[in-house]
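To start, the structure itself, in structure tokens.
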Amino acid sequence: MDSFQDTIFKLKHYWADRGAIIQEPYDLEVGAGTMAPETFLRVLGPNKYKVAYVQPSRRPADGRYGENPNRLYKHQQLQVILKPTPSDVLEQYLNSLEAIGIDLRKHDIKFEEDNWEAPTLGAWGIGWQVMLDGLEITQFTYFQQCGGVDLDLVPAEITYGLERIVAFLQNVDSVYDIEWAPGVKYSAVRLADEEQFSVYNFEMADVAMLWHEFELHERECQRLLDCFRSTKERARFPVLPAYDQALKCSNLFNLLDARGAISVTERVGIINRVRKLAVGVAQAWCEQQFPSEEAAA
Amino acid sequence: MPDFLLEIGTEEIPDWMIEPALEDFRGKFQAAFGSFGGSALVTEATPRRLVLFAKDLLNQAADAENVILGPYLTAGEKAAEGFARKQGTTIAQLAMIADAKGQRYVFHQLVKGQAVTQALADGLPAIVAGIHFPKSMYWTGRGGIRFIRPIRWIVAVLNDQIVPFEVAGVKSGNLTCGHRILGSRKPLPVTSANYFDTLEKSFVIVHAEKRKARIQQALGSEVQKDDALLHTLVYLTEYPSAVRGRFDPTYLDLPKEILSTVMRHHQRYFSVSKPDGSLAPEFVAVTNTDGDPDGLIGQGNERVLRARFNDARFFWQVDQQKKLSARVGDLAKVTFQAKLGSYKDKTERIAKLAAQLAAQTDADENVVQIASLLCKCDLTTDMVKEFTELQGIVGGLYAKAQGEGEPVATAIYDHYRPVNMDDGIPRTVEGQVVSIADKLDTLRESFRIGLIPTGTKDPFALRRAAQGVVKILFEARLNLQLMPLIEDVPALVPFMRERIEFYLRDVLGFFYDEVAAVMAPPITTLADLADRAEAIRYVRPTEDFEPLAASFKRIKNILKQAGINSAPPPKADLLVPGPEKDLYEAWLRVGTEARESGSFRDKLAAVASLRPQVDLFFDKILVNDPNPAIRENRLALLYSLLTEFSTIADFSEIVTKGLNA
């Protein structure tokens, strides 16, 4: 039986063999692999790109104090971006399942409509949730728009839900019973994380401090975007650091939301504020990286 | 005569879009290639292919003739020669026709019918690309073709000959693909004759009806019937099989609503009934496989269901830690609508409105008060956050578990009903009142800020809400006046009237003119409206009614021509004895009878009895008497007649056969 890490190794190898760069996780708090610049910014523009990485993804509101066998505040996604999408992408995907030991002839696989949208990123796509014997194991999306920009080359985003897939492979009912490495359970690696962050996110996070921080990061991001508009030195302008500031805002929004600190009237407004930053960064990135394309458009 | 087979191979198309797409595809194909005849046109689909099969097409469309008009004879021979030359012929080959301006030359141009292969090859790319889907995507790059999902292969064969064309960079050919997993990994060559059989051998049943029959057979009889789920599964599979699974009977402690929702909506399983009708601890999953060779599929599905049920049980336990009544304040954090504030605001409005409604009906005001205050509280529970389609139902179940009492629990449980025109209305008057208050509040507030449905756009389902209110008021016959509840939101008045008219026509089956007639007087209660329409339907076949309706129309026209919008009661001393006086007296008598009779039927029968006097009046009396005082008085009589009886219905709206006034 493969351990959690064995399965990750195999998937990385599988995609590396098909020409993908294997990246490491982005080192900021994000809600999904999509938000890492390796996806959010790389899907923009005319350049081809293939990349795969594991992204720990934080969803403060999904925390359950480590008591629920299937729900986690932080789960691990294996994210694959294939830009442009190869025409046999679904066959490649199915073969990746075979590669981690799923004999598809003995299982039932279905692609069920599930379109993805991230309002805070100005991003959406068309796709499916992939169901294996009734279990959602992957989100598959053809990106159409990102940061409010129509994409030149349509990438496929394949997001494997690692805990679910491995719990399935190891035939355990609780993610905490997954064997992460030989003799080491998932609970030994991550349970404290789930317990403590649930307590913090739901009960102890200092709301005033989070708001203050949100405003600081928003201001910094906006300041950089404004500078970008007026500078002549665009080539080495720090657009990527501006994106980090936007990501910080997104995570703080999620925290405030989990803490129950966002009132009705504020909610839509806050989403729009984060979206404005993400869209601003996406535009700046396109202008910086693909100036000729921008001039043509 | 060749058969044509077209298969558009795609990635998995959402099940609910398939049949409308086929319909559209078929229509467009027929419009474009109707001239090639054909003895049958079949469209079929699986999730991965849209298929069209046209039998016995003509090799060549029939020749057609194009008549080209030339110069008039009077234009001279030179003009005629020029025309003939332009058409590539000689004057001798031209024909002659005559029209109002004289004789002129015409040329009958022969248009050779196109060969079918060429016509298909030329026409299909636009037809395929034009198939309508409610949501589409691009994949070949910005500005590229849009389709529901990427097109990966195209089969286009006329018998065994390829019809060559290209869509989205994919060239048509004679190679198809089998089932993703069970089928041959190599492309399969097909002809129009062996297409369906070849695919079936490669584990693709192209005919939806055959897949449906296969699923039905596999389900067995104790499975709970669910046509919508069956339809979904037909279009989620290419080679369906059924796999049975069991779950731990201890989960049966959870309410059956929750268990069924998990199985049906989240897992697309069929539930299984015990002989006594209760839920058995079993389910049936429909797979896209040839059975379950190692039992792994059944085990996997059981595991997923166990996790789902565990979640539900967990949510139930966690939710009980805070009663619904302690959650009212939490509603401030749940958005009702961005511009309309929170569900707390909404709850306060519902409670106020519901109290007002309860006072007018025999609802228990205390029950209504508690139910309206608690009805939205389940939105803050983990159970509803997970199973949003159970909103209301969960509230009802929790209210009962928390000792709020059966009447309150039932009112909450039912308050979203009716969710569509086929759904029942809330079972109790308290539930009906809360449901109406909730829906009317949504309508009033949305219209107030200008969120008004237009055309097919109705993102907040306001038509459904309005239809729900109307359905409850009609079916429950509540003694509630609708109009005073909406008059202060002017745009809502015509909107609600439309819904009422729709209900009278399409649900109760009244004719257009009957609906128009009863909708003309002010609306009181909807029960009253239905009774008045019913009375018209009852009296209508009697011999006096339609002629009387025709006379009312005549009266209305006379008054309109005379510009009469109001009139004093007719003066008895100015009436001329004979038909005029007789009509006056009949009016007094019938008026009293109508007022005193209990039912609308009797009232209408009384009105209809006026017919002989009305007929005689119009027969013998000239309204436009030279004496203005008499004329005015006659108009006053007619006006009184019209207004007196128009409180039941405007009879002039009734369409009468062959009895034009």
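Per-structure values
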quantity	calculated
Residue check, A:Gly147 touching an Asp or Glu at 6+ places or on another chain (Cβ under 7 Å) and within 22 Å of A:Tyr53 (Cβ to Cβ)	no
Meets criteria (surrounded by 14 or more Cβ atoms within 10 Å (Cβ to Cβ) and in contact (Cβ under 8 Å) with a residue 12 or more places away in the chain) for A:Leu216	no
Residue match in the stretch A:91-107 (condition: within 8 Å of chain B (Cβ to nearest Cβ), part of a helix (DSSP H, G or I) and crowded, with 22+ Cβ neighbours inside 10 Å)	no
Subset of the stretch B:306-333 (residues that are in contact (Cβ under 8 Å) with a residue 40 or more places away in the chain, closer than 18 Å to A:Asp257 by Cβ and surrounded by fewer than 20 Cβ atoms within 10 Å (Cβ to Cβ))	B:Asp330, B:Lys333
Helices (runs of 4 or more DSSP H) wholly inside the stretch B:377-449 that include at least 3 residues being buried (at least 24 other Cβ atoms within 10 Å of the Cβ)	B:393-401, B:406-414, B:429-448
Subset of the stretch B:286-314 (residues that are closer than 30 Å to B:Tyr398 by Cβ and touching a helix residue (DSSP H, G or I) at 6+ places or on another chain (Cβ under 6 Å))	B:Arg308, B:Phe309, B:Ala312
Residue tally, condition among the charged types (D, E, K, R), part of a helix (DSSP H, G or I) and within 13 Å of chain A (Cβ to nearest Cβ), over the stretch B:298-327	6
So A:Pro119, is it modelled with pLDDT under 95 and either within 15 Å of the chain's Cα centre (by Cα) or among the aliphatic types (A, V, I, L, M) (or both)	yes
Looking only at the stretch A:179-199, and only at residues there that are closer than 28 Å to A:Val130 by Cα and either small (Gly, Ala, Ser) or more than 22 Å from the chain's Cα centre (by Cα) (or both), the one that is surrounded by the fewest Cβ atoms within 10 Å (Cβ to Cβ)	A:Ala181
Whichever residue in the stretch B:1-34 is small (Gly, Ala, Ser) and surrounded by 16 or more Cβ atoms within 10 Å (Cβ to Cβ) and, among such residues, is farthest from the other protein chains (Cβ to nearest Cβ)	B:Ala32
Filtered residues of the stretch B:243-282 (kept if part of a loop (DSSP other than H, G, I, E, B) and polar (S, T, N, Q))	B:Gln267, B:Ser278
Failed condition for B:Gly141, given (1) at positive phi; (2) more than 14 Å from chain A (Cβ to nearest Cβ)	(2)
Subset of the stretch B:30-58 that is assigned to a helix (DSSP H, G or I) and touching a helix residue (DSSP H, G or I) at 6+ places or on another chain (Cβ under 6 Å) - its residue that is nearest to B:Ala126 (Cα to Cα)	B:Ala32
Helices (runs of 4 or more DSSP H) enclosed by the stretch B:594-659 - at least 3 residues per element that are modelled with pLDDT of 85 or more and either buried (at least 18 other Cβ atoms within 10 Å of the Cβ) or outside the structural domain of B:Pro570 (by TED's automatic domain parsing) (or both)	B:611-620, B:628-645
Subset of the stretch B:241-287 (residues that are touching a Ser or Thr at 6+ places or on another chain (Cβ under 7 Å) and of a type outside the set (Lys, Arg))	B:Ser241, B:Val243, B:Ser260, B:Met263, B:Ser271, B:Leu279, B:Ala280, B:Phe283, B:Val286, B:Thr287
Residue within the stretch B:223-236 that is outside any helix (DSSP H, G or I) and within 14 Å of chain A (Cβ to nearest Cβ) present	yes
The stretch B:103-116, subset surrounded by 11 or more Cβ atoms within 10 Å (Cβ to Cβ) and of a type outside the set (A, V, I, L, M, F, W, C), residue farthest from B:Leu69 (Cα to Cα)	B:Gln114
Any hit, the stretch A:253-269, residues being in contact with a Leu (Cβ under 8 Å, 6 or more places away or on another chain) and among the aromatic types (Phe, Trp, Tyr)	no
Residue check, B:Asp330 out of contact with any Lys or Arg (no Cβ under 6 Å at 6 or more places or on another chain), facing chain A (nearest Cβ under 9 Å) and either among the basic types (Lys, Arg) or under 30 Å from B:Thr442 (Cβ atoms) (or both)	yes
Matching entry among B:Pro521, B:Pro484, B:Pro490, B:Pro547 (being over 26 Å from the mean Cα position of the chain (by Cα) and exposed (fewer than 15 other Cβ atoms within 10 Å of the Cβ))	B:Pro484
Meets criteria (without any contact (Cβ under 8 Å) to a residue 40 or more places away in the chain, within 14 Å of chain A (Cβ to nearest Cβ) and not aromatic (Phe, Trp, Tyr)) for B:Arg264	yes
Matching residues, the stretch B:297-314, being among the aromatic types (Phe, Trp, Tyr) and either over 37 Å from the mean Cα position of the chain (by Cα) or not assigned by TED's automatic domain parsing to the domain that holds B:Pro255 (or both)	B:Phe314
Considering residues of the stretch B:282-297 that are more than 7 Å from chain A (Cβ to nearest Cβ) and in contact (Cβ under 8 Å) with a residue 12 or more places away in the chain only, the residue nearest to B:Ser202 (Cα to Cα)	B:Asp290
Pick from the stretch B:1-59, criterion acidic (Asp, Glu) and within 24 Å of the chain's Cα centre (by Cα), ranking: nearest to A:Gln129 (Cα to Cα)	B:Asp15
Within the stretch B:337-348, considering residues that are in contact (Cβ under 8 Å) with a residue 12 or more places away in the chain and either within 30 Å of the chain's Cα centre (by Cα) or crowded, with 21+ Cβ neighbours inside 10 Å (or both), the one farthest from the other protein chains (Cβ to nearest Cβ)	B:Thr347
Of all residues in the stretch A:50-90 being in a strand (DSSP E or B) and of a type in the set (Lys, Arg), the one that is nearest to the other protein chains (Cβ to nearest Cβ)	A:Lys83
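Condition check ((1) touching a residue at least 40 places away in the same chain (Cβ under 8 Å); (2) within 10 Å of chain B (Cβ to nearest Cβ)) across all residues:
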position: A:Lys110; (1), (2): no, yes
position: A:Asn115; (1), (2): no, yes
position: A:Gly122; (1), (2): yes, no
position: A:Gly125; (1), (2): no, yes
position: A:Trp128; (1), (2): no, yes
position: A:Glu136; (1), (2): no, yes
position: A:Gln139; (1), (2): no, no
position: A:Ile158; (1), (2): yes, no
position: A:Leu162; (1), (2): yes, no
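The values are calculated or read from the model by the stated rules, or taken from the named source; none is laboratory data. Please read all numbers here as calculations on a predicted model, not as lab measurements. Cβ: placed from backbone, ideal geometry, glycine included. Neighbour counts: every protein chain shown.
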